[in-house]
Structures are given as C-alpha cells and as structure tokens.
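A.B. asks: Just passing along the structure, written as structure tokens.
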Amino acid sequence: MTVIEVRTERREQFVDVTQRVAETVTSSGVAEGIAHIWCPHTTAAVTVNEAADPSVARDIVAGLARFVPREAGWQHAEGNADAHVKASLLGASASVPVSGGRLALGTWQGVFFCEFDGPRTRRIEVRVSRL
Amino acid sequence: MTVIEVRTERREQFVDVTQRVAETVTSSGVAEGIAHIWCPHTTAAVTVNEAADPSVARDIVAGLARFVPREAGWQHAEGNADAHVKASLLGASASVPVSGGRLALGTWQGVFFCEFDGPRTRRIEVRVSRL
Amino acid sequence: MTVIEVRTERREQFVDVTQRVAETVTSSGVAEGIAHIWCPHTTAAVTVNEAADPSVARDIVAGLARFVPREAGWQHAEGNADAHVKASLLGASASVPVSGGRLALGTWQGVFFCEFDGPRTRRIEVRVSRL
C-alpha cells in the first residue's frame, strides 16, 4: 500500500493525482490487475474524469455546488454538510484497471482527488491487486 | 461470503453496518486486501461517510430528497422512481481496504446501508479478497 | 480481459449489457470472485439498477438531466459538460459479485452502460478476479 499526500488550497478543488497513482502501479510490479484508490476522509472523494481540459474538473465542482448548496438548513452543525453529501455522490474509492504493468486509463481519463472542505493536507491510499 | 440482514424502519434511512462488516473482515482471516460490500437491491445502496455524528447521514438523505423529489412525473409506475435514481447516485457497492486483518476505515468513516424505499428487510453481502 | 462494444443511438441512453457481461464471467472460469466492469470514456458511465422495467433507466436519465442541465454556464467549451458531471455521479466502474461461476446480481438488477454524449460507438472492459 502506498500513501499519496495531497495538499489542497481552496475549499473545493480537484487535484489531478494520475501521475502519482500511475507511478505506484508501475512500482508494484503487478502486470494485470486492479488499482484501488482509497480516500480515508468524509468530506472528500476520488473520481475519474477528463484530465486534458482543466475546465471539466471545475465544471464538476460547480455542478455539484449547484444542486448541493453550502447552506440549506442542514442538521450537521460544522458548516460542511454539503461536503459530506458530495463525498457520497462521488464515492470514497476508484477501482482502475492495470494492464501491461501500467495504469490502464482511457485516452482522456485522469484520477482526481476531490476536496470539498479544504484547504487541508489530505491523503489517498493506493493498493494494487493481481487479477 | 457473508450475508448481513438489515431491517429498516422508515422509507428513507441510513443504517450504520460498520461493526457487522468489520466482524466479517476479522473472521475472514485476510490480513491485507479489499472488503467488497454489495447491495443486491435496486432501491437501496451502500456508502461510506461520517459515522460519528448521525446528523450527517440524515443530511445526506435530505440532500438527495432535495434534488431527486419523490414526485416528478416519473415514468416508472411503482411510486419509487426516486429511490432507483438515488440508488445509482450512491452505488450498489463499496470497496473498503483491509489492513492488519481489520477493516481499514479512516478516523471518521463508517459503512452505511442506504434505504430509499423502506421499511423492508434487506441484506448486504460481504466478500473479502486478498491483495 | 474482455472488451464489449456498445453502440448508442441517442445523446443520452442506458444500454442493458447484463447478458454480455454475464457471458464473459461464465467464460472466465472463475467460480467465486468479483467482476470489474470499466468504462474508459469520460462522458459515459456504468451503473447497476433495475433491468425488468425499462422505464427505470429512462427515469434515471431524466432525473440526472433535471438537476444537471445541458446548458448552465459551464466553462468546458465542447457542449458536453453536463455529460462529464453525470459520468462522475454514476462512476466509471462497477464491481459485481461472481458466485458459483455466474454473475451474482440481485433479482431485479442489471448492468447498464450509461451514454451521456452519444450517439457513439463505445466500449466497456470486463475483468474477473478470483476471491
């Protein structure tokens, strides 16, 4: 298992971690398998989406904020209930194929750490299992 | 594979199943791996989120109801189309790390069964794979 | 790994791929495990939901369009930002149990390829890991 540290700079921000996840996969020596990327936080998530145009990640942040507003009469008293809802919508893990010893993403895909209650120092965990 | 029965008491309710999933993992004897938690129902889901403050789970239920209303001109005639939409938004499975023979959740994380069309007697299935 | 080609006919459409995924699982010879279904595209997804009544899939498409509108001042200039948001909401993969050598879905469950920016020729990848 490899821990990747992620520092976020805003309350809501997607950080492209593709390169660091890919290096972990290469180091694992697994040729064919699944890379499991885990977010141990409850106001953040991981997702796979387009990495070529950074406006896509910003649109996802904006799209989520549009229908999960920060203030909406939430019960949770810490002011970050919206972040918890978004975390469950995107999910705490991603399972990405490994093929030929490499992270086997589609042409336009990248792996993102999704911060919804930053800025903070966060981490994700990467485990690679053999098929 | 272990089946965990979950009885729900309301139409929409999150049930914290962390302890029961953790016991299954311990019993499996797997030291390092991934616990796969599966919901075989189509109007329910599983998610990982904060388990310390129960208001977080209630906020997720309320947040989903806010943008997926029960009545919205749905085609599906059984009166639970909203529950099907919510099930796909949160997902039918969770894949959680196992480390040192234990379910390796983050500090604030718990595993929830998410009922969207109860009350019913439901079940989840837990499988543990070795890394 | 098996590639399944999916041709979509509309901009937004769920295609039931259950039978083709099930055949891949049977061919794999794995008795107990997890089938990993991967979508290598960023404006499409995979989900598990009710396959018996096709109106459920149409309701999920309609429900997503309701709170992620096609036009909403998105930054991404290709006119498909809504498709990227929906792709992350449903997710790029599904992990479904395999039991007794067969895809072990619940009674009403099916596996769907979710097109959000068609019509196109798409593909999904299926990998089966042993428990």
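A.B. asks: Would you be able to tell me the number of residues in region C:53-101 that are more than 8 Å from every other protein chain (Cβ to nearest Cβ) and in a helix (DSSP H, G or I)?
C.D. replies: Looking only at that region, the number is 6.
A.B. asks: Taking the stated definitions as given, is A:Arg10 of a type in the set (Lys, Arg) and touching a residue at least 24 places away in the same chain (Cβ under 8 Å)?
C.D. replies: Yes, satisfied.
A.B. asks: Here is a further query. Take region C:1-52 and flag every residue that is assigned to a loop (DSSP other than H, G, I, E, B) and either closer than 30 Å to A:Ala52 by Cα or polar (S, T, N, Q) (or both).
C.D. replies: Across region C:1-52, the qualifying residues are C:Met1, C:Thr8, C:Glu9, C:Arg10, C:Arg11, C:Glu12, C:Val17, C:Cys39, C:Pro40, C:His41, C:Thr42, C:Thr43.
A.B. asks: Turning to a different aspect of this structure: Limited to region C:95-111, what total is found for residues that are open to solvent by 10 Å² or more (accessible area, probe 1.4 Å) and either within 11 Å of the chain's Cα centre (by Cα) or in contact (Cβ under 8 Å) with a residue 24 or more places away in the chain (or both)?
C.D. replies: 9
A.B. asks: Considering only residues that are of a type in the set (Ser, Thr, Tyr) and part of a loop (DSSP other than H, G, I, E, B), which ones fall in region A:102-122? Walk me through it before giving the result.
C.D. replies: Of the residues in region A:102-122, the ones of a type in the set (Ser, Thr, Tyr) are A:107, A:121.
Matches in region A:102-122: A:Thr107 only.
A.B. asks: Restricting to region A:30-50, name every residue that is open to solvent by less than 30 Å² (accessible area, probe 1.4 Å) and either out of contact with any strand residue (DSSP E or B) (no Cβ under 6 Å at 6 or more places or on another chain) or under 19 Å from A:Ala65 (Cα atoms) (or both).
C.D. replies: Correct list: A:Pro40, A:Thr42, A:Thr43, A:Ala44, A:Ala45, A:Val46, A:Thr47, A:Val48, A:Asn49, A:Glu50.
A.B. asks: Here is a follow-up. Name every residue in region B:17-29 that is touching a residue at least 24 places away in the same chain (Cβ under 8 Å) and either open to solvent by less than 10 Å² (accessible area, probe 1.4 Å) or among the polar types (S, T, N, Q) (or both), in order of residue number. Can you show your working first?
C.D. replies: Taking region B:17-29 and keeping what is touching a residue at least 24 places away in the same chain (Cβ under 8 Å), we get B:17-18, B:21-22, B:24-29.
B:Val17, B:Thr18, B:Val21, B:Thr24, B:Val25, B:Thr26, B:Ser27, B:Ser28 - these are the residues of region B:17-29 that are touching a residue at least 24 places away in the same chain (Cβ under 8 Å) and either open to solvent by less than 10 Å² (accessible area, probe 1.4 Å) or among the polar types (S, T, N, Q) (or both).
A.B. asks: Can I ask one more? Restricting to region B:1-49, name every residue that is charged (D, E, K, R) and under 24 Å from A:Ile34 (Cβ atoms).
C.D. replies: Hit for region B:1-49 is B:Glu32, nothing else.
A.B. asks: Any chance region C:59-82 includes a residue that's in contact (Cβ under 8 Å) with a residue 40 or more places away in the chain and among the charged types (D, E, K, R)?
C.D. replies: No, region C:59-82 has no match at all.
A.B. asks: Continuing with this model, one more query. How many residues are touching a Cys at 6+ places or on another chain (Cβ under 9 Å) and of a type outside the set (Lys, Arg) if we restrict to region B:110-131? Walk me through it before giving the result.
C.D. replies: Start the filter on region B:110-131 by keeping residues that are touching a Cys at 6+ places or on another chain (Cβ under 9 Å), which leaves B:113-114, B:122-125.
From the residues that got through so far, the ones that are of a type outside the set (Lys, Arg) too are B:113-114, B:124-125.
Count: 4.
A.B. asks: Go through (1) at pLDDT below 95; (2) of a type in the set (Asp, Glu); (3) under 19 Å from A:Ala44 (Cβ atoms) for B:Asp53 and report which single condition fails.
C.D. replies: Against the list (1) at pLDDT below 95; (2) of a type in the set (Asp, Glu); (3) under 19 Å from A:Ala44 (Cβ atoms), B:Asp53 comes up short only on (1).
A.B. asks: Here's a follow-up. Assuming A:Glu125 fulfils every condition listed in (1) under 11 Å from the mean Cα position of the chain (by Cα); (2) in a loop (DSSP other than H, G, I, E, B); (3) of a type in the set (Asp, Glu) apart from one, which condition is it?
C.D. replies: Tallying (1) under 11 Å from the mean Cα position of the chain (by Cα); (2) in a loop (DSSP other than H, G, I, E, B); (3) of a type in the set (Asp, Glu), A:Glu125 fails exactly one: (2).
A.B. asks: How about region B:102-119: which of its residues are among the small types (Gly, Ala, Ser) and more than 10 Å from chain A (Cβ to nearest Cβ)?
C.D. replies: Hit for region B:102-119 is B:Gly118, nothing else.
The values are calculated or read from the model by the stated rules, or taken from the named source; none is laboratory data. Predicted, not measured: the structure shown is a model, and the values here were computed from it. Cβ sites come from the backbone with ideal geometry, for glycine too, and all protein chains shown count toward neighbours. With ligands, DNA and RNA removed, areas are computed over all heavy atoms of the protein, side chains included. Shrake-Rupley method; radii C 1.70, N 1.55, O 1.52, S 1.80 Å.
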